[in-house]
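Q: Please find one structure pasted underneath; my questions will follow.
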Amino acid sequence: MIAGLAARDRRRLVDAVDQARRLLMGAVLRIEQRSDDADVRAAQAAYLAEIARRFGRPLDPWNQGSLTPARSQLVVDDGRPVGCGVLRDLAPGVGEIKRMWLHPDARGLGVGTRLLAALESAARRAGHRAIRLDTNDCLREAIALYESAGYLRIVRYNDNPDATRFYEKSLSRAARRG
């Protein structure tokens, strides 16, 4: 059907169809709250593998243990896990987001913003007034997401040897309006 198009126009049409597919995918992805199940563990394993690849070295053992008890959010595409994020209690009134990750196919669609908002909502329901997270300087996309969502840099608050940046966001009503 597209054989009559010039090569350049065929490429433009294929690119447009791919973009439409990606936008539709972003609209249908579900974010579910899950306990520690096989899908959550698989998504977290994919996160750990990607981070080790991006760091160019194995992660410190500090980062490889279980995060239970914690509340997990799982991004699902037609039953297949394509992302995750974990909320755990850090201190009274303070939660922590860990292992937030999206499969490359789910990136650039606004799903990271939705996942972060779901984790923040879970933190509010858990009674947290603030949420913290750590990340690494090489994870520029994550840093941009957190900073655009209102996270502010703070001093180191944990012993994570792989983390180089630390953030916190107030979850108070005043902070949500701004």
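The values are calculated or read from the model by the stated rules, or taken from the named source; none is laboratory data. This structure is a prediction, so every number in the text was calculated from the model and none was measured. All Cβ positions, even for glycine, are placed from backbone atoms using ideal geometry, and neighbour counts span all protein chains on display. These accessible areas exclude ligands, DNA and RNA; they are computed on the full protein's heavy atoms, side chains included. Shrake-Rupley method; radii C 1.70, N 1.55, O 1.52, S 1.80 Å.
Q: I'm trying to understand the selection: among the residues of the range 148-170, which are touching a helix residue (DSSP H, G or I) at 6+ places or on another chain (Cβ under 6 Å) and without any contact (Cβ under 8 Å) to a residue 60 or more places away in the chain?
A: A149, Y167
Q: Looking at R107, R153, R129, R140 in this structure, which one is closer than 22 Å to R34 by Cα and among the charged types (D, E, K, R)?
A: Working: R153 fails: closer than 22 Å to R34 by Cα; R129 fails: closer than 22 Å to R34 by Cα; R140 fails: closer than 22 Å to R34 by Cα.
Going through R107, R153, R129, R140 in turn, the sole match is R107.
Q: While we're here: Go through the range 117-140 and count every residue that is farther than 18 Å from V86 by Cα and open to solvent by 60 Å² or more (accessible area, probe 1.4 Å).
A: Start the filter on the range 117-140 by keeping residues that are farther than 18 Å from V86 by Cα, which leaves 137-138, 140.
Add one more test, that the residue is open to solvent by 60 Å² or more (accessible area, probe 1.4 Å), and what stays is 137, 140.
Matching residues across the range 117-140 total 2.
Q: All but one of (1) more than 14 Å from the chain's Cα centre (by Cα); (2) modelled with pLDDT under 95 hold for G150; state the number of the condition that does not hold.
A: Going through the list (1) more than 14 Å from the chain's Cα centre (by Cα); (2) modelled with pLDDT under 95, G150 breaks only (2).
Q: Mind listing just one residue for me: the one in the range 98-113 that is surrounded by 18 or more Cβ atoms within 10 Å (Cβ to Cβ) and more than 14 Å from Q44 (Cα to Cα) and, of those, nearest to the chain's Cα centre (by Cα)?
A: Out of the qualifying residues, it is G112.
Q: I would also like to ask the following. Between residues in the range 33-51 that are in contact (Cβ under 8 Å) with a residue 60 or more places away in the chain and residues that are open to solvent by 50 Å² or more (accessible area, probe 1.4 Å), which pairs lie under 8 Å by C-beta distance while being six or more apart or on different chains?
A: Between residues of the range 33-51 that are in contact (Cβ under 8 Å) with a residue 60 or more places away in the chain and residues that are open to solvent by 50 Å² or more (accessible area, probe 1.4 Å), the close pairs are Q33/R71.
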